[in-house]
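To start, the structure itself, in structure tokens.
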Amino acid sequence: MTGTTTTWTRVPRPLALVSAVLAAGLTLAACGGGQSADEAAGGGAEPEGSGSTTEFDGTYDGPAVELSYWNGFTGGDGPFMEDLVTQFNEEHENIEVTSNTIQWADFYQRVPAAVQAGEGPDVGVMHLDQLPTHAARNIIIPLDDLTESLELTADDFTEEVWDAAVYEDQRYGIPLDVHSLAMYYNTEHFEAAGITEPPTDEASLMEALDKLQAAGYETPFWMPTLWPSHLYFLSLTWQNGGDPYGGDGSAATYDEEAGVEALEWQRSIVDEGYSPPDVAIDSQYQAFKNGETSITWDGIWQINDLEETGTPYGIAPVPTIGEEEAVWANSHHFFITTQAADDPDKLEASKVFLAWMSEQSGAWAGSGMIPARLSVREAGAMDGMPQEVIAEQIDSMRFLPPVPGLGGVQAEALEPAVAEAVLGSGEPAELLGEAAEQGTALIERNRESFGG
Amino acid sequence: MSTSAATRSEGTPISGSVVPVGTGRRRPARRGGGVDRAGITPWLFLAPFLALFLTFVIAPAVLGAWISLHQWDYTLPGKPFVGLENYALLFDPSSITFDAFWESMRATAIFTVFSVPLLLVVPLLVALLMNQAFPGRNLFRAAFFAPYVLGVAVIGVLWRYLLDANIGLVNYYLGLLGLPDDTAWTTSTPAVWVTLVGVTVWWTLGFNAVIYLAGLQDISKELYEAARVDGANSWQQFWNVTFPGLKPVLSFVTLVTIIASANMFGQSYIMTEGGPGTATRTAIYQIAESGLRNYRMGEAAAMSYVLTFFLVLLSLGVVMLFRERKG
């Protein structure tokens, strides 16, 4: 039941729970300490200086190696990645890649611990906004030499995707894809309400909602209180010309006018009766799949799930409610860990794997994602795919700034504030004011602990 | 028992004669060094448990105390010693952790206050009922115990959907019955507490009931007979025979239930994600959040110790309460 509902970046997951429960309380101590801590100290002492032993030429002819490859593709995207790995193994005699798929929520808790213990991945895929955190923790290594020898340049990628993988002047990730929020609509409802074109701005969205209500769909646009409500907020804030993190991620600025307006708009959808109040976890998406609501904004990674369920859906870019086109997006990046860097053979083989994968991002389009490389997109990798309409919007996609620990800041400060405002238990301006204050304090604290 | 046996061995507990494990199995004879043997045997019996206890309870507890004195992020090379700063921050109203932590302690307190009395009384009623002889008794016993077998993830997801304000079956059926059908069971206070306490009672009452039932069956039938001969009615029988007979069990159940309630985490993690806002983020939830998601192990360890402190106080209170009544 849950496996199909939210395949993605979603943070808390039931299965994460078991480990969390066990680790909580007193055992928490054990988790943080023991040998892993000592190794952490040792491992952390040599962050860089790995890599660049010999010039990378795209091939590996050393002794046979096994690479451990971790990713979080648990949804409809999983099989596509498996196929790619199988193909890679067939084409490379002396490299055997073993993949390990873990839900993203667990992934980010396990990777650091596992790499510290030397039992983790050699290569893997993580989200763009997680790269700085892991770079700061010395879990992953810089890949500048690799991108140079592969002649990967910013020209072939969206500037923001390309730049956001840089932390302290070094590049830590190679982009695989881009995925954003999108608007899904029920085609049957739209037909019944006489809507021919998906709405593109506030006026047409409101008109569509009124028409849907007139056609008997009483609550056509359920406003979530939890995931992915804060992604609505971020998108709308950017649309209003604001920036949730003051441009460079140095402070939380949710409470600027742009942000307050964004959150007030979210709440107004409930106040004006387009959404029922108190939408609980996941129910907006369930309701959409059941045909109880007509429009929902969710990630493009849901495409395969909707296809499987047989929901009569259409997909379009998130309408521009504010003044400029903007939508929250994230990106999957390949990384190499410090663990692989300890073994020159593994490091070399890892680079071969990354180079190969980067070229295959066209095949990856089948997973519902948008290939990160312009050349791949232009070669028609997405022709006829549902996400094609979203890909056209790629220049208006916005990414979180590369600041370590930002995920935690959002979960602690922003998400509860958004939830309370949409629930109607507080004023958006006031809630965002408090959240911004807390967020800024957290960012500053992070800067201290990461040695800024 | 074991400790008194150990102290009796007068000064030569373990070091003196390490008996190979093999001989222990041969049911050691009494002759020769009897006192020594008596000294080592209990330790041998204890050894497996003791090893686990030391490894998984004592060692982590000590290490946790050590961690709580540091700014401890296991992925970073530096773990500066900060003394009692982590504790100080928890008691400094201007720090960002202050509000988060004490709100979570408040959530834990609310949950404990409402769930513990219910979890003491309802299972007792169930146990009394299940102790009667009636057809299908085993079936009922199984039915009450069954939810306890399920994992928290299962019951969490199950009830999260059943109690969903907008797409849940519970509100749907309430509506059919003409009752209010718009209660936001998982997204508004105080309804969310009704949900969490209700689900927890449903889920765990079987465990307490089984303990009570065992206690009930331990009470000698003759006592009831004697009471009846003395003309006691069923209430008097309960108050004068059943209740005193259950006391040892009751103190155990009370302690275990308080600790379990104070450690509540999974239910709100799955059903409400700590919401609405952070209203149902319990202490353990906050500890997991700080320590595991945000890698602030030192702070989380300090929180654990503050929580532990309160739990110890509470447990002592319970022990005293039951001891006084005995006298």
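The values are calculated or read from the model by the stated rules, or taken from the named source; none is laboratory data. Nothing here was measured: the structure is a model prediction, and the numbers come from that model. Methodologically, a virtual Cβ is constructed for each residue, glycine included, from the backbone with ideal geometry; neighbour enumeration extends over all protein chains shown.
Descriptive notes on the structure:
- The number of residues in the range B:54-90 that are more than 30 Å from B:TRP43 (Cβ to Cβ) and more than 9 Å from chain A (Cβ to nearest Cβ) comes to 13.
Conditions (1) buried (at least 24 other Cβ atoms within 10 Å of the Cβ); (2) farther than 24 Å from B:TYR212 by Cα; (3) in contact with a helix residue (DSSP H, G or I) (Cβ under 8 Å, 6 or more places away or on another chain), marked per residue:
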residue	(1), (2), (3)
B:ALA232	no, no, yes
B:LEU246	no, no, yes
B:LEU250	no, no, yes
B:MET264	no, no, yes
B:MET271	yes, yes, yes
B:PRO276	yes, yes, yes
B:SER290	yes, yes, yes
B:PHE309	no, yes, no
B:VAL319	no, no, yes
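- The residues of the range A:392-419 that are of a type in the set (Gly, Ala, Ser) and under 20 Å from A:ASP129 (Cα atoms), listed by number, are A:SER396, A:GLY405, A:GLY407, A:GLY408, A:ALA411, A:ALA413.
- Every listed requirement among (1) among the small types (Gly, Ala, Ser); (2) out of contact with any Ser or Thr (no Cβ under 9 Å at 6 or more places or on another chain); (3) without any contact (Cβ under 8 Å) to a residue 12 or more places away in the chain; (4) not in a loop (DSSP other than H, G, I, E, B) is met by B:ALA88 save one, (2).
- Helices (runs of 4 or more DSSP H) enclosed by the range A:236-349 - at least 3 residues per element that are out of contact with any helix residue (DSSP H, G or I) (no Cβ under 6 Å at 6 or more places or on another chain): A:257-271, A:283-289, A:303-309
- Residue in the range A:325-335 that is over 30 Å from B:THR183 (Cβ atoms), among the acidic types (Asp, Glu) and surrounded by fewer than 24 Cβ atoms within 10 Å (Cβ to Cβ) present: yes
- Some residue of the range A:184-201 being touching a Ser or Thr at 6+ places or on another chain (Cβ under 8 Å) and under 30 Å from A:SER358 (Cα atoms): yes
- Total residues in the range A:254-296, condition under 20 Å from A:GLY241 (Cβ atoms) and in contact with a strand residue (DSSP E or B) (Cβ under 9 Å, 6 or more places away or on another chain): 0
- Some residue of the range A:433-445 being in the same structural domain as A:ALA258 (by TED's automatic domain parsing) and modelled with pLDDT under 90: yes
- The listed residue being more than 14 Å from every other protein chain (Cβ to nearest Cβ) and closer than 23 Å to A:PRO277 by Cα, out of B:GLY156, B:GLY215, B:GLY198, B:GLY175: B:GLY198
- For the range B:262-284, the set of residues classified as assigned to a loop (DSSP other than H, G, I, E, B) and of a type outside the set (Ser, Thr, Tyr) consists of B:ASN263, B:MET264, B:PHE265, B:GLU273, B:GLY274, B:GLY275, B:PRO276, B:GLY277, B:ALA279, B:ARG281, listed by residue number.
- Residue satisfying condition, being closer than 22 Å to A:PRO224 by Cβ and surrounded by fewer than 22 Cβ atoms within 10 Å (Cβ to Cβ), within set A:GLY273, A:GLY259, A:GLY246: A:GLY273
- Note on the range A:378-407: residues that are buried (at least 22 other Cβ atoms within 10 Å of the Cβ) and outside any loop (DSSP other than H, G, I, E, B) total 3.
- Subset of the range A:419-437 that is facing chain B (nearest Cβ under 10 Å) and within 23 Å of the chain's Cα centre (by Cα) - its residue that is nearest to B:THR272 (Cα to Cα): A:ALA419
- Among (1) part of a loop (DSSP other than H, G, I, E, B); (2) within 18 Å of the chain's Cα centre (by Cα), the one test that A:GLN410 misses: (1)
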